[in-house]
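The values are calculated or read from the model by the stated rules, or taken from the named source; none is laboratory data. Remember, it's a predicted structure, so these values are computed and weren't measured experimentally. Here the Cβ positions follow ideal geometry from the backbone for every residue, glycine too, while neighbour counts run over all protein chains shown. With ligands, DNA and RNA removed, areas are computed over all heavy atoms of the protein, side chains included. Shrake-Rupley method; radii C 1.70, N 1.55, O 1.52, S 1.80 Å.
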Amino acid sequence: MIIGEQKPLAEIMEQLGEARKVLVVGCGTCVTVCFAGGEKEVAILASALRMKSKLDGHPMEVDEVTVQRQCEWEYIDPLRERLKEYDAILSLACGIGVQAMNEHFPEYITLPGLNTTFLGLPEEQGVWEERCQACGDCILDLTAGICPIARCSKQLLNGPCGGSQRGVCEVDANIPCAWQLIWERAVKLGREELLLEIQPPKNWSTSRDGGPRKIIREDLRLQR
Amino acid sequence: MNAPFEPKIIAFCCRYCAYAAADLAGGLRIQYPPNVRIIEVPCTGRVDVVEILHAFERGADGVMVAGCLEGDCHFLEGNLNARRRVQYSARLLEQIGLGGERVAMVNLSSAMGARFAELVTEMTEKIRKLGPNPLNTTRHGRN
């Protein structure tokens, strides 16, 4: 899922500027699960904004709403009527949700309350780790199910490098060497033969190097 | 004429310890400041950051979360979770500008009626020194 982290209160206050009436819009999907922008986080932020703005001498009226998925037109469309009541809209969704709001309601600016950090999973309650970079050309079949693009600091295809020491990456002692993990798992699975094959340079055109990406499925498109 | 400031403190009290301790304090006729408003909760693990913030937003001068002694939680870890949430709330209150010292986590058992009175007295004195919650414009002095 998409992992996000709330921006500092001071930065959010700066974005809101002189706004008097603010709507905080949460999202009920990924950012709810990672405790960054769901209904509860919306309530906490809205309360904090009401108090801070009052203490700063320009009280804001802050309302709260959370939609099931902020990245789909169908879910955000019902907000249309409400939006005109507000000077500012603050989204607690990921960057996709913020842009969906801006695209769907071009007459209003929707501001970002979160930093969208990565695609990952909760390693344990309260700890999230990156697992995917959406490179567009999955190679997990070749790497024992562990992604070196997301988890190796150098994104090596033929690792490990000389910076791998005692299973740890030289970049930070808290980062396990992805290639060490790959090798250990491949041995356990009896698939180490796969790793003896030298991988050619990766074609990054399926990733961000090819510009913004798009998928069109004609079989799913509705007749217009 | 302005009456002297009397803090209003919200105490979220766990049913299994602090709430019973408050009851015991009453039964023993132990005096403690009338500034505290007790809210019974099934466990301090039930108290979330949002409840603490809402108490301040609605004018509380201080918030006390009173749970079981560490290691004695009826639900095993509710009081430990509460402590971390209180710490998180304190940091948030600092960013808001109200000050993190207005919220406190305390631990006691149901047999500690006198300790409950002591903690309430300490908290009341601390908040009295900090002064009224500036968000509360309706009263400064009355309970």
Practice item. With r as the distance between the Cβ atoms of A:Lys214 and A:Glu74 and R0 = 25 Å, compute the FRET efficiency 1/(1 + (r/R0)^6) and round to 0.05. Key: 0.80
Revision key, fill the gap. If unit charges are put on Cβ atoms (+1 for Lys and Arg, -1 for Asp and Glu) and the dipole of the protein assembly as shown is taken about its Cα centre, the option from A:Ala134, A:Asn158, B:Ile9 lying farthest towards the positive end turns out to be B:Ile9
Practice item. Starting from the exponent 0.38 and prefactor 2.2 Å, build the expected Rg for chain B from its residue count and divide its actual Cα Rg by it. Key: 1.00
Check your understanding: Across peptide B:47-54, what mean number of C-beta atoms from other chains lies inside 10 Å of a residue's C-beta?
Key -> 4
Point to revise | Mean-position separation - Cα centroids, the range B:80-103 and the range B:9-67, in angstrom | key: 16
Exercise for review: Highest first, please rank the peptides B:82-90, A:168-176 by the mean number of other Cβ atoms sitting within 10 Å of their residues.
Suggested key: B:82-90, A:168-176
Exercise for review: Calculate the tail of P(r) for the range A:91-148: the fraction of all Cα-Cα distances greater than 18 Å, expressed in %.
Suggested key: 54
Point to revise | Cβ neighbours within 10 Å from other chains - mean over B:122-135 | key: 1
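Need one value for B:88-99: mean number of C-beta atoms belonging to other chains within 10 Å of its residues' C-beta atoms.
Across B:88-99, the average partner-chain Cβ count within 10 Å equals 3.
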Revision key, fill the gap. Honestly the range B:16-78 on the Cα gyration tensor test (a ≥ b ≥ c root eigenvalues; a/c under 1.5 rounded, otherwise a/b vs b/c for prolate or oblate) is just oblate
Revision key, fill the gap. The answer for the net charge of residues other than A:Gly28 whose Cβ lies under 10 angstrom from its Cβ, with Lys and Arg +1 and Asp and Glu -1, is 0
Review point. How do B:Val63, A:Val33 rank by accessible surface area computed with a 1.4 Å probe, from largest to smallest?
Key: A:Val33, B:Val63
Revision key, fill the gap. Once the in-chain neighbours fewer than 8 apart are removed, the aspartates and glutamates whose Cα is under 16 Å from A:Lys84 read A:Glu61, A:Asp63, A:Glu64, A:Glu103, A:Glu107
Exercise for review: Determine the distance separating the Cα centre of the range A:115-154 from the Cα centre of the range A:1-80; give it in Å without decimals.
Suggested key: 27
Review point. 222 nm [θ] for chain B, helices only, -39500 (n - 2.57) per DSSP H run of 4+, per residue, to 500?
Key: -12500 deg cm²/dmol
Point to revise | Packing rank of A:213-224, B:23-34, B:51-62, where each peptide gets the mean count of other beta carbons within 10 Å, highest leading | key: B:51-62, B:23-34, A:213-224
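Tell me the Kirkwood radius of the range A:1-120: reciprocal of the mean inverse pair distance over distinct alpha-carbon atoms, in Å.
13.9
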Point to revise | Dimensionless Rg over Rh [the protein assembly as shown; C-alpha; Kirkwood] | key: 1.09
Study note, to complete from the structure: Straight-line reach check, A:Lys54, cutoff 18 Å on alpha carbons, 8 or more apart in-chain or any other chain, hits among lysines -> A:Lys21
Exercise for review: Using only alpha carbons, build the gyration tensor for the range A:161-224 and give me the equivalent ellipsoid semi-axes, biggest first, whole Å.
Suggested key: 36, 18, 13
Study note, to complete from the structure: Rounded to one decimal in nm, the spacing of the 7 Å Cα→Cβ label points at A:Glu197 and A:Ala10 is 5.3
Review point. Using a basic spin-label model with each label point 7 Å from the Cα along Cα→Cβ, how many nm lie between A:Glu124 and A:Leu55?
Key: 3.3
Study note, to complete from the structure: Once amide hydrogens are built 1.01 Å from N within the peptide plane, the residues lying 5 or more places from A:Cys169 or on another chain with amide H under 5 Å from its amide H are A:Ile175, A:Cys177
Revision key, fill the gap. Summing +1 per Lys or Arg and -1 per Asp or Glu among the other residues with Cβ less than 13 Å from B:Val106's Cβ gives 0
Point to revise | Surrounding net charge for B:Ala20, when Lys and Arg each add one and Asp and Glu each subtract one, Cβ distance under 13 Å | key: -1
Review point. How high is the FRET efficiency from B:Arg84 to A:Arg166, r the C-beta distance, R0 25 Å, rounded to 0.05?
Key: 0.20
Point to revise | Helix-only [θ]222 nm of chain A, DSSP H runs n ≥ 4, -39500 (n - 2.57) each, per residue, nearest 500 | key: -7500 deg cm²/dmol
Review point. Please state the Cα pair-distance histogram of the range A:111-209 with 10 angstrom bins from zero: what percent is in each bin?
Key: 15, 42, 34, 7, 2, 0
